[in-house]
Structure formats: C-alpha cells, structure tokens
Ligand code: 4FM
C-alpha cells in the first residue's frame, strides 16, 4: 500500500521506522513517501504561508505550494485525506475501509490552516482522530498510517484483526502470562485448564463485562447473539451483588 504524506515536518515521521510499521516498510508491504511541502515554495526564502485575508491571528498555507506538492505524487486512483478536527471521526470501520485503497495521500495542515480553495480542489475526505486541536496534522497522519497498515496482508504476524473483538464493537478480554502467581494474585484457573471451549466462553464473558463497565455506549451499536444478551443480563445482576471477600468475580 502506498502512503504519500504532504507535510512541512517530514522528520516527525521517523517514529514509523520502529516496530511493526518499520518492519512492514522493510518488507515493502507498505511504502511511506514523505513530501516536504516547503520544497514546492515559489520563493527564494522558501516561504510557504501568508497572513489571512480579512485579518486575524496566525498564518495560512498558500494554495499553489500545496497544489504543486500534491501534483508531484497524485495518481489516478489515489484518495486524498486532509487531517483536521473538522473531519469525519476516524474509527475501526473507517480504518478497515481505507485499508482497501491502494494509494492514500495525506495532507497535514499547520498554523491556522490551509487556503480553502486547494482543500476544495484536491481533498476527497477530511478525517479527524478526535475532538481536540493539535499543532499539526502529522500525529493524526501517523495514527492513520499505523491503524490502516495493521489491515495490510502480512503486516501482523498472526492476523489478529479478524478476531479482535474491537472490530465487532466490543473491548478486548484481559490477557495473562507467566508467572502463574504474581504478588499473591493467581491467573484465572480456566486459562490453565486447557479446556478451549470454556476458555472461549470465559473470554467472551470478559469482553462483554469490560465493555458494559467501561464503555457501555459501545453496546448500543454492536449486534449481539441471544446468548451474549443472556450473559449480559447475568453480569448486570452480578454487578449489583457486593463481592464476598476472597471470592473472585469472573
Ligand atoms: C489544527 C489542522 C488546526 C488544521 C490542525 C487546523 C487533527 C485532529 C488536528 C491539526 N487532525 N484530527 N484532531 N490537526 O488537530 O485530525 Cl486549521
């Protein structure tokens, strides 16, 4: 998958050389091409921004500079995304959808923004990673690249994206590893039992319980089986009962 990033700060993207995304780049499963918008300045002082018409604070990225940067990487089937707090909220569904594209061009804004005319001309979709304002679109672009790349074939060692309960709208069950006893706290017995059907049932119950207790809003959107709904009813009753000392509530 091809990512082209239009940015004034290409150095920020060094973090993508580490860990899973770094390996995906080495294996050429993804390619991340960083385009410094400043290279397309028309000016001997490499100026890329100017004061806003109508007045006001800050500076605005000039449209011709951004347009030339875009023209240097555009392709027939590229989708152009503008990272901005005004965008559609990024979620797991959108991430999976974007992973089916072969070419994404990510436009990172700074200062007070980018001249609206070039946004209207080149941008297919405005994307936000959340309701807060950052100093630039670089961190959001990296969030998008990381989350989308997980869906590219071969990037994850064991493609956990399919079984991820988050993909279907639930939170993940808790994980445990050695030692069996840590600070007097034992790993739940069922996980040591080798009884795979019971382990799956326990994990499903944990996912439902954790989602109910931490993010009940997620349960409104997820479609649950009749058995899931029965388990949820049990969990709600359990939640009303004070825990007896020494009794694990799993
Ligand atoms: C801030 C871009 C102001 C443009 C930024 C303007 C952001 C976000 C973000 C920086 N991007 N989700 N939140 N970008 O804050 O995606 Cl005008």
Discussion item. Test of understanding: among 130, 154, which residue is at pLDDT 95 or above and closer than 30 Å to residue 57 by Cα?
Written reply: 130
Worksheet item: Which condition does residue 94 not pass, out of (1) under 30 Å from residue 206 (Cα atoms); (2) in a loop (DSSP other than H, G, I, E, B); (3) within 13 Å of the ligand (Cβ to nearest atom), if it passes all the others?
Response: (2)
Response to the item:
Note on residue 180: of the conditions (1) under 26 Å from residue 210 (Cβ atoms); (2) touching a residue at least 24 places away in the same chain (Cβ under 8 Å); (3) in contact with a strand residue (DSSP E or B) (Cβ under 9 Å, 6 or more places away or on another chain), unmet is (2)
Worksheet item: Looking at 48, 143, 133, which is the one that is within 13 Å of the ligand (Cβ to nearest atom) and touching a strand residue (DSSP E or B) at 6+ places or on another chain (Cβ under 8 Å)?
Response: 133
Practice prompt. Determine whether residue 132 is exposed (fewer than 13 other Cβ atoms within 10 Å of the Cβ) and farther than 30 Å from residue 223 by Cβ.
Written response: yes
Response to the item:
In the set 125, 101, the lone residue that is closer than 23 Å to residue 86 by Cβ, away from the ligand (no atom under 15 Å from the Cβ) and in contact with a strand residue (DSSP E or B) (Cβ under 6 Å, 6 or more places away or on another chain) is 101
Practice prompt. Kindly list, by first and then second residue, each pair from a residue in the stretch 107-136 that is touching a residue at least 60 places away in the same chain (Cβ under 8 Å) to a residue that is more than 6 Å from the ligand (Cβ to nearest atom) and in a loop (DSSP other than H, G, I, E, B), limited to pairs with Cβ atoms under 6 Å and residues at least 6 apart or on different chains.
Written response: 110/8; 111/58; 111/59; 112/58
Worksheet item: Condition test on residue 97, is it without any contact (Cβ under 8 Å) to a residue 40 or more places away in the chain and under 22 Å from the mean Cα position of the chain (by Cα)?
Response: yes
Discussion item. Criterion first (outside any loop (DSSP other than H, G, I, E, B), within 16 Å of the ligand (Cβ to nearest atom) and surrounded by fewer than 18 Cβ atoms within 10 Å (Cβ to Cβ)) does residue 148 satisfy it?
Written reply: no
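The values are calculated or read from the model by the stated rules, or taken from the named source; none is laboratory data. Worth saying up front: this structure is predicted, and the values here are computed from it rather than measured. Here Cβ is always computed from backbone atoms with ideal geometry, including for glycine, and neighbour counts include all displayed protein chains.
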